[in-house]
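Below: the structure, in structure tokens.
The values are calculated or read from the model by the stated rules, or taken from the named source; none is laboratory data. Values in this document were obtained by computation on a predicted structure and should not be read as measured data. Note that we place each Cβ from the backbone using ideal geometry, even for glycine, and neighbour counts take in every protein chain shown. When the accessible area is computed, the model is the full protein with side chains, heavy atoms only, and any ligands, DNA or RNA have been set aside. Shrake-Rupley method; radii C 1.70, N 1.55, O 1.52, S 1.80 Å.
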Amino acid sequence: MVLQNFKRFSSNRNGLFPTLLDLDPPTHRRYRNIVSQAFTPKAIQSLAPRIESLTKELLAPLKVKREIDIITDIAFLLPVIVISEMLGVPSEDREMFKEWSNIVVSSAQTQSPDEMNGLMAQQGKALQDLQTYFYHIVERRRNDPKNDLVSTLIAADVDGEKLSVEELLNFCFLLLVAGNETTTNLIGNTMLTLFEHPNLLDQLYKDNSSMSGAIEESLRFRSPVHCMNRFVTEDMNMNGINLKKGQEVMAWIGSANRDDTVFNEPNDFNINRSPNNHLAFGSGVHFCLGSQLARLEANICITEMLKALPNMKLDKTKELRIIPSTFVYGYKELPVIIE
């Protein structure tokens with residue numbers, strides 16, 4: 001109800017960089033209709049060969065290793081490279097772009113005021129650098145369109161309306177943040193869960209035809225986004241709880257995806273679960289535009305990983321560190337031994 005009823009639970013966060021996530025209809029509908037023209041099923045599927053090629057490039061140097069970190073060595077790198085290419089970032093700028101994006105989505109290791117203030121200062125500078133960088137890309141694409149997402153968004157319109165420069169910059173920022181860490185966590189969370197279920201991992205090693213089901217169940221079982229916030233637009237009583245206008249409420253996606261009134265045996269990881277009506281990508285008007293891209297990247301990445309790296313086992317001698325975040329769920333590292 002909270003995610004679906006935008007009239008009573010608003011997404012307007014009054015943030016510094018307002019994006020699609022911060023808007024309500026009808027403004028949200030206009031922006032989404034424009035942006036969705038770049039995320040058609042055909043457009044996303046056309047990326048599959050390039051994603052496969054990039055995945056194989058990242059896996060090539062790992063084949064000779066006996067210890068790897070799935071997060072650092074591939075799950076973090078692939079989404080950043082895919083996004084940078086979609087946005088028209090040239091390969092020579094990729095490392096700089098990756099560094100900025102890493103800073104933007106990073107979290108403080110402790111609650112130390114000094115560390116948190118230092119990180120905020122770093123993030124502020126990275127955001128400014130990214131905005132300046134995106135601005136130059138937008139200006140170049142206005143004069144010289146290419147086959148990339150920015151050029152598509154510049155050309156797109158609904159009823160003669162186009163995105164402004166500020167709106168284009170905000171969308172570039174949204175794609176970077178929303179499509180970066182969440183896809184990394186989807187890949188990492190899926191692999192961790194498969195390591196916890198070795199029979200399923202062995203099954204996928206032998207036959208990857210159930211990979212889509214494994215990823216879909218991972219989205220439910222270990223949702224990369226655990227919750228979303230909304231703001232109450234009017235005084236109300238919901239399920240016996242009095243809510244006041246302006247209050248912030250949290251919709252706990254991770255909890256909803258374990259609801260035993262919706263899912264049979266919700267704490268079991270079942271790659272054949274059907275139907276699997278999870279909320280990992282949200283619900284309602286803010287259903288994730290990049291859901292098909294995330295699924296595609298995870299499917300290709302994990303499929304190619306199993307082909308290239310036989311007999312992977314989780315390194316249980318090393319402690320797994322959860323990302324310190326209320327909103328996203330994933331791990332900082334996923335150390336693996338290749339036997």
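Annotations
- Taking the range 319-330 as the range and being touching a Lys or Arg at 6+ places or on another chain (Cβ under 9 Å) and open to solvent by 80 Å² or more (accessible area, probe 1.4 Å) as the test, the residues that pass are R321, I322.
- Taking the range 58-68 as the range and being open to solvent by 30 Å² or more (accessible area, probe 1.4 Å) and touching a strand residue (DSSP E or B) at 6+ places or on another chain (Cβ under 9 Å) as the test, the residues that pass are K63, K65, R66, E67.
- Elements of type helices (runs of 4 or more DSSP H) in the range 39-157, at least 2 residues being basic (K, R) and at pLDDT 90 or above: 48-59, 113-143
- Qualifying residue in the range 215-236 (condition: in contact with a Pro (Cβ under 6 Å, 6 or more places away or on another chain) and open to solvent by 50 Å² or more (accessible area, probe 1.4 Å)): no
- Candidate set from the range 303-328 (those that are not aliphatic (A, V, I, L, M) and not in a loop (DSSP other than H, G, I, E, B)); member that is farthest from D202 (Cα to Cα): E304
- Condition check for S164: surrounded by fewer than 12 Cβ atoms within 10 Å (Cβ to Cβ) and more than 18 Å from the chain's Cα centre (by Cα): yes
- Among the residues of the range 83-99, the ones that are open to solvent by 10 Å² or more (accessible area, probe 1.4 Å), within 17 Å of the chain's Cα centre (by Cα) and closer than 15 Å to L47 by Cβ come to 2 in all.
- Considering K245, K316, the condition of being in contact (Cβ under 8 Å) with a residue 12 or more places away in the chain, open to solvent by 80 Å² or more (accessible area, probe 1.4 Å) and among the basic types (K, R) is satisfied by K245 alone.
- Segments classed as helices (runs of 4 or more DSSP H), wholly inside the range 174-243, with at least 3 members that are among the charged types (D, E, K, R): 211-221
- Check on K125, open to solvent by 80 Å² or more (accessible area, probe 1.4 Å) and within 19 Å of L169 (Cβ to Cβ): yes
- Restricting attention to the range 251-300, the residues that are polar (S, T, N, Q), in a loop (DSSP other than H, G, I, E, B), in contact with a helix residue (DSSP H, G or I) (Cβ under 7 Å, 6 or more places away or on another chain) and surrounded by 13 or more Cβ atoms within 10 Å (Cβ to Cβ) add up to 3.
- Among the residues of the range 128-161, those that are free of Cβ contacts under 8 Å to residues at least 60 places away in the same chain, open to solvent by 40 Å² or more (accessible area, probe 1.4 Å) and hydroxyl-bearing (S, T, Y) comprise T132, Y135.
- Residues in the range 183-202 that are touching a helix residue (DSSP H, G or I) at 6+ places or on another chain (Cβ under 7 Å), at pLDDT 95 or above and not aromatic (F, W, Y): 10 in all.
- D148 vs. criteria at positive phi and among the acidic types (D, E): no
Residue-by-condition table, conditions (1) farther than 17 Å from L309 by Cα; (2) touching a strand residue (DSSP E or B) at 6+ places or on another chain (Cβ under 6 Å); (3) surrounded by 18 or more Cβ atoms within 10 Å (Cβ to Cβ):
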| site | (1), (2), (3) |
| --- | --- |
| P26 | yes, no, no |
| I51 | yes, no, yes |
| K56 | no, no, no |
| L78 | no, no, yes |
